[in-house]
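Below you'll find the structure, written out as structure tokens, and then a few comments.
The values are calculated or read from the model by the stated rules, or taken from the named source; none is laboratory data. What you see is a predicted model, and the numbers here were worked out from it, not measured in a lab. Don't worry about glycine lacking a Cβ; one is built from the backbone with ideal geometry, like all the others, and counts go over all protein chains shown.
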Amino acid sequence: MTYLQTQYFLHVAETKSITKTSADLYVSPPAISKQIMLLEEELGLKLFYRGSRGMELTPAGEIMYNHFSNQKTAFDSAYTKAKSVSAENVNVLHLGVLAKWHLWDEFHQIRQYMKDSPCHADVEFHSCFNPGGDSKLEKGELDAVICLANDILIYAQSHELKFREIARIPKVFLYSVDSPVARKPGLEPADFRDLPLLTLSSKVAIDAHQNNMNLCHRLGLQPNVIFKDTLEDVLMAVGMNEGFFICDSWLNPLKLPDMRHLIVPDTHSIVLAWWAHNKSPGLNALIDCCTSLIRWPNSI
């Protein structure tokens, strides 16, 4: 067994979700599932079963969870001590990104470019849902964020933030494979006219609902609206065929086998934003990498 396998196992056990683990660790769901399967095969034990609340530990899984947790605690302690006495001083840049984006290949490219650049910097990725309201950015814990332009523009007006557009990506209608439109040939937006629109409440995403309704009206739709308080609730409702969701084409669940999506004529602007006063070594290289060198998927 490998250290990576045990880390995936521990994280899935704690989140009860391969999808959530995927978003937190920036690793594809199939890669996580494969490593856990290999761990089960090597141990000759079934560690999880899928219950009503997600991935649940079996009795054998509970025992192995306690064992691996103790191992991880000991390893983390040793690693911290080893790192503190290391003579190597590695410059680390902290980049915030939306947790649900499917951009693992691009993140690996960024990290490799930064390591090979003259600044020899490493990049650590951090989840942030709404950068404009994220305390990590305001406290200076993040050197930069990749986010939706709508999430940062108003915030940037009252703060010393610089930003640059890095991509424009399509919006999509996300729906379940069990939806009545799922098997319709030549699917188009008008086919969603009888389905409810699932959307985040204004408390979570101030502009999201109005932007979604404006898009629907431009497409000739007047859907009934079902509000949810979290993105996880929205995605669960989509999976249970309660309606469709308007999102961007980088969303992780687009890659799940029980989801389908239709590209619609609208886009999100994606920006890289950073503090104007940030003098971190390697920040300029990170800006060049994200704005000029990375070929972002689905960019228009």
Taking segment 145-170 and keeping only residues that are among the small types (Gly, Ala, Ser), modelled with pLDDT under 90 and either within 21 Å of the chain's Cα centre (by Cα) or assigned to a strand (DSSP E or B) (or both), one is left with Ala149
Filtering segment 1-49 down to residues that are of a type in the set (D, E, K, R) and either within 22 Å of Met236 (Cα to Cα) or not assigned by TED's automatic domain parsing to the domain that holds Phe68 (or both) yields Glu14, Lys16, Lys20, Asp24
Taking first residues from segment 262-291 that are farther than 30 Å from Ser176 by Cβ and second residues anywhere that are acidic (Asp, Glu) and surrounded by 16 or more Cβ atoms within 10 Å (Cβ to Cβ), the pairs with Cβ under 7 Å that are 6 or more apart or on different chains are Trp274/Asp143; Asn278/Asp143; Ser280/Asp143; Leu283/Asp143
The helices (runs of 4 or more DSSP H) lying entirely within segment 39-142 that contain at least 3 residues which are at pLDDT 80 or above are 59-85, 104-116
Checked Ser299, Ser280, Ser249, Ser269 against criteria (at pLDDT 90 or above, within 30 Å of Ser117 (Cβ to Cβ) and out of contact with any Pro (no Cβ under 6 Å at 6 or more places or on another chain)); the one match is Ser269
Out of all the residues in segment 203-222, is one or more of a type in the set (A, V, I, L, M, F, W, C), closer than 21 Å to Cys128 by Cβ, in contact with a helix residue (DSSP H, G or I) (Cβ under 7 Å, 6 or more places away or on another chain) and not in a helix (DSSP H, G or I)?
no
Would you mind stating whether Leu286 is closer than 28 Å to Met114 by Cα and crowded, with 16+ Cβ neighbours inside 10 Å? yes
For segment 224-261, the count of residues that are of a type in the set (S, T, N, Q) and closer than 16 Å to Ala182 by Cα equals 1
Residue hits (segment 246-283; touching a helix residue (DSSP H, G or I) at 6+ places or on another chain (Cβ under 7 Å), over 17 Å from Lys100 (Cβ atoms) and part of a loop (DSSP other than H, G, I, E, B)) are Gly282
Residue pairs within 8 Å by beta carbon, gap of at least six or interchain, first lying in segment 52-79 and among the small types (Gly, Ala, Ser), second assigned to a strand (DSSP E or B), listed first then second, are Gly61/Phe48
Among Leu195, Leu231, the single one that is of a type in the set (A, V, I, L, M), surrounded by 16 or more Cβ atoms within 10 Å (Cβ to Cβ) and at pLDDT 85 or above is Leu195
When (1) closer than 29 Å to Gly96 by Cβ; (2) in contact (Cβ under 8 Å) with a residue 60 or more places away in the chain are applied to Ala13, the one that fails is (2)
Residue hits (segment 8-55; on the phi > 0 side of the Ramachandran plot, loosely packed, with under 15 Cβ neighbours inside 10 Å and touching a helix residue (DSSP H, G or I) at 6+ places or on another chain (Cβ under 7 Å)) are none
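Let's see how each residue does on (1) in contact (Cβ under 8 Å) with a residue 40 or more places away in the chain; (2) hydrophobic (A, V, I, L, M, F, W, C); (3) in the same structural domain as Pro29 (by TED's automatic domain parsing):
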site	(1), (2), (3)
Ile226	no, yes, no
Asp229	no, no, no
Asn241	yes, no, no
Ile246	yes, yes, no
Trp250	yes, yes, no
Pro253	yes, no, no
Legend entry - Test for Met1: is it modelled with pLDDT of 85 or more and either assigned to a helix (DSSP H, G or I) or farther than 30 Å from Ile166 by Cβ (or both): no
